[in-house]
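The next block holds one structure in the form of structure tokens; read it before the comments.
The values are calculated or read from the model by the stated rules, or taken from the named source; none is laboratory data. Bear in mind the structure is a predicted one, so any value in this text is a computation, not a measurement. Methodologically, a virtual Cβ is constructed for each residue, glycine included, from the backbone with ideal geometry; neighbour enumeration extends over all protein chains shown. Accessible surface is based on the protein model in full, side chains and every heavy atom, while ligands, DNA and RNA are left aside. Shrake-Rupley method; radii C 1.70, N 1.55, O 1.52, S 1.80 Å.
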Amino acid sequence: MTLHICQTGYETFLAKELSAPPERSGPGWVLGPEGKGELCFAHLSLRAPQEVPGKSVNALAGAVADFFTTSTKDERFEGPWPFCLESAGLPGLARRAKTVEEEVSAKIKSKMARVAKLAVPGRPALGLRRGLFAYLPDFDHVLVTREALAGGQRRMADDPQAPSRSYLKVEEAYGLLGREPAAGETVADLGAAPGGWSYSAARRGALVTAVDNGPLKGAGLHPGVAHRAEDAFKFRPESPMDWLFCDMLSDPERVIALADRWLAEGWCRRLIVNLKFGRRDPLRLLEQAGVLRRRCAFLKARHLFHDREELTLAAERI
Ligand SMILES: C[S@@+](CC[C@H](N)C(=O)[O-])C[C@H]1O[C@@H](n2cnc3c(N)ncnc32)[C@H](O)[C@@H]1O
């Protein structure tokens, strides 16, 4: 069994992505089999976790620390390792998880000081990782394992200058691609206003064409940003761009077709596209977005930490 962690409220979609019905689930988690390929809604998948009961913070922390010290008996730690402890979306549980985490760190430090120093707290980078992963599904249990698959979602630091909170999504999406716009690269930002995504690229020195009928605000009006008040579906770049950004409040099927056109015409090398699924079935949209694969060397679809009823595609053309 695998414990898959998602955003609270999105468990049903995550359960549908699994290869068979889940065993059980709660707010922000689903315990079940592996996924059918890469999962969009799973943020972190804890492989074969052990479940241990514990009535107090001390008992829960003791169980996690004991599991770690026993399982690492013959292991040599040469470099950093991730230590991630999270909890279900129940009121007050995050505070308990924080205290358990501090207690686990102290216990490991007292027994394995050198190894404890190498711990990197928080979610690991995208991919299969070995470290210490624990999850509190409620106040009296902890699931713990040494191996987890990270989907790449993470909370991003706020920037008070960014013109919108949408900015956090594009910053998070760079992690999926393993790259971000570089100085001198060109970006077409479709549906750019008020300007968070444009600002994110421009502050890295990229040259942004921000297409939106609406106005940009504040930092969106960065010297590296040129505003075009046009319909983004009709916009054509004068020469090929390095990046396509698209965060339009628009029919997601139309947006997939738009991204496909940009790739087919060679108008962009990389893209970050947000699909607002609203009340539609996001799994159906994911299937539809699969059409882009034939033109991409790399394509990832994720329900990001900062996404709501939307999902984000990050891709690189063949
Ligand atoms: C969610 S907002 C984008 C937020 C932006 N990414 C940011 O970081 O500030 C969606 C934008 O899409 C724009 N939009 C929707 N349809 C459009 C179209 N056909 N052409 C241009 N802009 C469009 C809206 O005007 C709106 O400003």
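Summary table
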quantity: Amide H within-cut-off set for G152, under 5 Å, with H built and near neighbours excluded; calculated: L126, G127
quantity: Between helix 167-177 and the chain: long-axis angle, C-alpha atoms, 0 to 90°, nearest 10; calculated: 80 degrees
quantity: Simple Cβ-charge dipole of region 200-244, Lys/Arg +1 and Asp/Glu -1, about Cα centre, in debye nearest 20; calculated: 160 debye
quantity: Relative contact order, percent, the chain [alpha-carbon distance under 8 Å, six or more residues apart]; calculated: 14 percent
quantity: Area of E78 that stays accessible when all protein chains are in place (1.4 Å probe, Å², to 10); calculated: 140 Å²
quantity: Three-way shape call for region 167-317 based on the alpha-carbon gyration tensor, with the a/c threshold at 1.5; calculated: rounded
quantity: Sequence-distant residues sharing a close amide H with S164 (under 5 Å, placed H); calculated: G196
quantity: Region 1-92, relative contact order in percent, only Cα pairs under 8 angstrom and at least six apart counted; calculated: 30 percent
quantity: Region 2-150 - share of DSSP beta bridges that are antiparallel (%, nearest 5); calculated: 75 percent
quantity: By accessible area with a 1.4 Å probe, ligands and nucleic acids excluded, highest first: order of D158, D247, D307; calculated: D158, D247, D307
quantity: Karplus-derived 3J(HN,Hα), 6.51/-1.76/1.60, for each residue of region 148-163, Hz, glycine and proline x; calculated: 8, 9, 9, x, x, 6, 7, 6, 9, 6, 5, 10, x, 7, 5, x
quantity: Those lysines that a straight Cα-Cα span of less than 22 Å connects to K111, excepting residues fewer than 8 apart in one chain; calculated: K73, K98
quantity: Solvent-accessible area of K98 with every protein chain in place, 1.4 Å probe, in Å² to the nearest 10; calculated: 100 Å²
quantity: q = 0.07 Å⁻¹: log10 I(q)/I(0) that the Debye formula gives for the chain, counting C-alpha atoms only; calculated: -0.32
quantity: DSSP bridge orientation in region 195-318 - percent antiparallel, rounded to nearest 5; calculated: 60 percent
quantity: About the Cα centre, charge dipole magnitude for the chain (Lys/Arg +1, Asp/Glu -1 at Cβ), debye; calculated: 480 debye
quantity: Proximal charge balance of D251 [Cβ under 11 Å; K/R count +1, D/E count -1]; calculated: +2
quantity: Exceeding the 30 Å Cα-Cα cut-off - candidates K36/K276; K169/K234; K55/K276; K217/K276; K16/K117; K36/K169; calculated: K55/K276; K16/K117
quantity: Region 279-318: C-alpha gyration tensor shape, a/c 1.5 cut-off, then a/b vs b/c; calculated: oblate
quantity: Using alpha-carbon coordinates, inclination of helix 252-264 to the longest axis of the chain, degrees; calculated: 70 degrees
quantity: Karplus-derived 3J(HN,Hα), 6.51/-1.76/1.60, for each residue of region 288-300, Hz, glycine and proline x; calculated: 5, 5, x, 4, 6, 4, 5, 10, 10, 7, 8, 8, 10
quantity: Extension gain, E102 back to E287 (0.36 nm per residue minus Cα-Cα distance, nm); calculated: 62.4 nm
quantity: Mean accessible surface per residue for the chain, computed with a 1.4 Å probe while every protein chain stays in place, in Å²; calculated: 45 Å²
quantity: Charge sum, other residues only, whose C-beta stays under 10 Å from P124's C-beta, Lys/Arg counted +1 and Asp/Glu -1; calculated: +4
quantity: V104 accessible area, 1.4 Å probe, all protein chains in place, Å² to nearest 10; calculated: 0 Å²
